[in-house]
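The values are calculated or read from the model by the stated rules, or taken from the named source; none is laboratory data. Keep in mind that what you see is a predicted model, and the values were worked out from it rather than measured. Positions of Cβ are backbone-derived with ideal geometry, glycine not excepted, and every protein chain shown enters the neighbour counts.
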Amino acid sequence: METRVERCACVPAFFWREGKFAGLQLPPLAINWLQCIAIHDSERRLIEQIGADAFDDLLQRHEVDVFDIDRVALPALGAA
């Protein structure tokens, strides 16, 4: 099965509904939606240590604005 990632630009940022957004079936295509946020390199290392779910919990607990591309990195120390 071939996999492609299409990009769209100039779309206002929003969160999927509780992480669930139904894909589309347009035979022979299956379309699934991808949402990404920019992270700092230090946050990538933190994710490798604690996992993506725990990192997501930290973002929520610290009320990080993930749509602010100029935001300060989530501090690894004291963030747990």
>> Considering only residues that are surrounded by fewer than 13 Cβ atoms within 10 Å (Cβ to Cβ) and among the aromatic types (Phe, Trp, Tyr), which ones fall in segment 30-80?
In response: TRP33, PHE67
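Each row is one residue, and each column tells you yes or no for (1) assigned to a loop (DSSP other than H, G, I, E, B); (2) modelled with pLDDT of 75 or more; (3) charged (D, E, K, R).
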site: CYS10; (1), (2), (3): yes, no, no
site: PHE15; (1), (2), (3): yes, no, no
site: PHE21; (1), (2), (3): yes, no, no
site: ILE37; (1), (2), (3): yes, yes, no
site: PHE55; (1), (2), (3): no, yes, no
site: LEU59; (1), (2), (3): no, yes, no
site: ASP65; (1), (2), (3): yes, yes, yes
site: VAL72; (1), (2), (3): yes, yes, no
site: PRO75; (1), (2), (3): yes, no, no
